[in-house]
1. Being surrounded by fewer than 16 Cβ atoms within 10 Å (Cβ to Cβ), touching a strand residue (DSSP E or B) at 6+ places or on another chain (Cβ under 9 Å) and farther than 30 Å from GLY18 by Cα is the filter here, so list the residues in region 35-70 that pass it.
2. Would it be correct to say that LYS121 is over 22 Å from GLN290 (Cβ atoms) and touching a residue at least 12 places away in the same chain (Cβ under 8 Å)?
3. Looking only at helices (runs of 4 or more DSSP H) that lie completely in region 182-281, which have at least 2 residues being without any contact (Cβ under 8 Å) to a residue 40 or more places away in the chain and closer than 28 Å to PRO151 by Cα?
4. Output the residue which, of all residues in region 168-181 that are in a loop (DSSP other than H, G, I, E, B) and in contact with a strand residue (DSSP E or B) (Cβ under 9 Å, 6 or more places away or on another chain), is surrounded by the most Cβ atoms within 10 Å (Cβ to Cβ).
5. Give the residue that is surrounded by the most Cβ atoms within 10 Å (Cβ to Cβ), with candidates limited to residues of region 71-82 that are in contact with a helix residue (DSSP H, G or I) (Cβ under 9 Å, 6 or more places away or on another chain) and assigned to a helix (DSSP H, G or I).
6. Output the qualifying pairs, or none if there are none: Cβ atoms under 7 angstrom, residues six or more apart or on different chains, first residue in region 283-312 and in a strand (DSSP E or B), second residue of a type in the set (Ser, Thr, Tyr).
7. Output the number of residues of region 224-236 satisfying the condition of being surrounded by fewer than 17 Cβ atoms within 10 Å (Cβ to Cβ) and of a type in the set (A, V, I, L, M, F, W, C).
8. For residues in region 83-122 being over 13 Å from LEU72 (Cβ atoms) and among the β-branched types (Val, Ile, Thr), which is surrounded by the fewest Cβ atoms within 10 Å (Cβ to Cβ)?
Amino acid sequence: MRIARIEPFILHIPVTGGSIADSTHRISHWGVVGTKIVTEEGLEGYGFTGTHADLPSDRLITACIRDCYAPLLVGEDAAESNRLWLKLARHPALQWVGRAGITQLALAAVDVALWDLKAKKAGVPLWHLLGGASKPRLEAYNTDIGWLSIPKDQLVEGCRRAVEQDGFHRIKVKVGHADPGIDIGRLEAVRHAVGPHVSLAIDGNGKWDLPTCKRFCARAEPLDIFWFEEPLWYDDVGSHAALARDTSIPVALGEQLYSLDAFRAFIAADAIHYVQPDVTRLGGITEYIQVADLALASRLPVAPHAGEMSQVHVHLAYWHQATRLRGAGERRRWLLPQTPAARRRHDAHERRLRALRQTAGLTSSRGGHGRAAVREWPAGLPGRPAVPRLGSIRWGAARLRGASRQPIEPDPDNAGEGNGRRSVASLVLPRPQPSRPRG
């Protein structure tokens, strides 16, 4: 599988609802910045990273792929992904200016594309290529109902609907107001609405300092918070360790960490309880596996961040042993929707998904790691591309505002030969099973 050419691309995809916000970010579009790697035999692999759809910085990523990585890759054997990862990550000139940020995001796109090619060459989905699933199903938590920009009454109603109608047993709510008391009030209302048996996680997106987090956690502990995600500045190992010692609420983080060494520092300091790697920031699948192995060796659970819109991570989560959430969901049976109305919604949702996938080309029997491309925007073209509102497809990679709603199980029928010419990430997603919420 000799590499013939590398073609970077940029996609900007509108999120549903017009915009979403947490304590530090507000966006109207999600950026999918990546590359297509084409072999001499015509096989195409797609890889990508996730951004906030800022065109100037997105162009920095594609320029790094085109001008820095492509000359090092053309003519190489794409099957040797580990060696190529080291060649790029340890290249002296790039190591001097990189190891995080733009060069690492670009490396992520390249590495995912190389794994994509390997899976397509083998004619199997990524989870199968890696060695097969280590679990029969995953449980999801719903973040989409918990954005900080959602008013309190709508937040409460959305959480109640997610539990009572959509079947979720886990939800996550954003926190980070200037007055933490506002967040306590919102969480109290949510807990009252969903009851004591639903896992309630929170996410601060690095907004608060240590004293604020300590005071907040003291008031939040009675609400039985499942985890506090990114409570402090992303790189502050010492403050996270101090908070972890001070509160009974577990600390989750990782989406903003760029390297195995960064995760090792947090784990060694006992500053993390739930490990949240992201292939789009870590440098791709290769380094994600290293982090997941480290978490497993440390007996810490992995809950991947969804910066890649849950395409690659679904496969990695099914495969890797460390991906397992424990808590309220472990004590429950897996149930179909319990009321006739909920079952009708479930069936109608399945029909809509099938129709959407058939008309939009979002499914394939081909091997690899993703679903069909909607539109490719060659790097360097001005303006924002007009693409379908994928965020309105409430499932998997197309659900841009939070965790996937539906559980997804490995589907052996997804294996097959193909060139993946239409897939942004060749991972053919395993078939969703909406009757079983996942975590």
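Since every read-out is calculated from the coordinates, none of them should be taken as a lab result. The shown structure was predicted, so the numbers you read here are calculated from the model rather than taken from an experiment. We place every Cβ from the backbone using ideal geometry, glycine too, and count neighbours over all the protein chains shown.
1. Listed by number, the residues that qualify are GLU40, GLU41, GLY42.
2. Details: over 22 Å from GLN290 (Cβ atoms): yes; touching a residue at least 12 places away in the same chain (Cβ under 8 Å): yes.
Judged against the criteria, LYS121 is a match.
3. Details: elements: 210-220, 237-246, 260-268.
Per the criteria, 210-220.
4. If we filter region 168-181 for residues that are in a loop (DSSP other than H, G, I, E, B), which is where we start, we get 168-169, 175-179.
Within this subset, residues satisfying the condition of being in contact with a strand residue (DSSP E or B) (Cβ under 9 Å, 6 or more places away or on another chain) are 168-169, 175-176.
Values: PHE168: 25, HIS169: 25, VAL175: 27, GLY176: 23.
The selected residue is VAL175.
5. Of all residues in region 71-82, those in contact with a helix residue (DSSP H, G or I) (Cβ under 9 Å, 6 or more places away or on another chain) come to 72-73, 76-82.
Keeping just the survivors that are assigned to a helix (DSSP H, G or I) gives 72-73, 81-82.
Values: LEU72: 16, LEU73: 20, SER81: 22, ASN82: 12.
So the residue we want is SER81.
6. VAL302/THR323
7. Of the residues in region 224-236, 1 are surrounded by fewer than 17 Cβ atoms within 10 Å (Cβ to Cβ) and of a type in the set (A, V, I, L, M, F, W, C).
8. The selected residue is VAL97.
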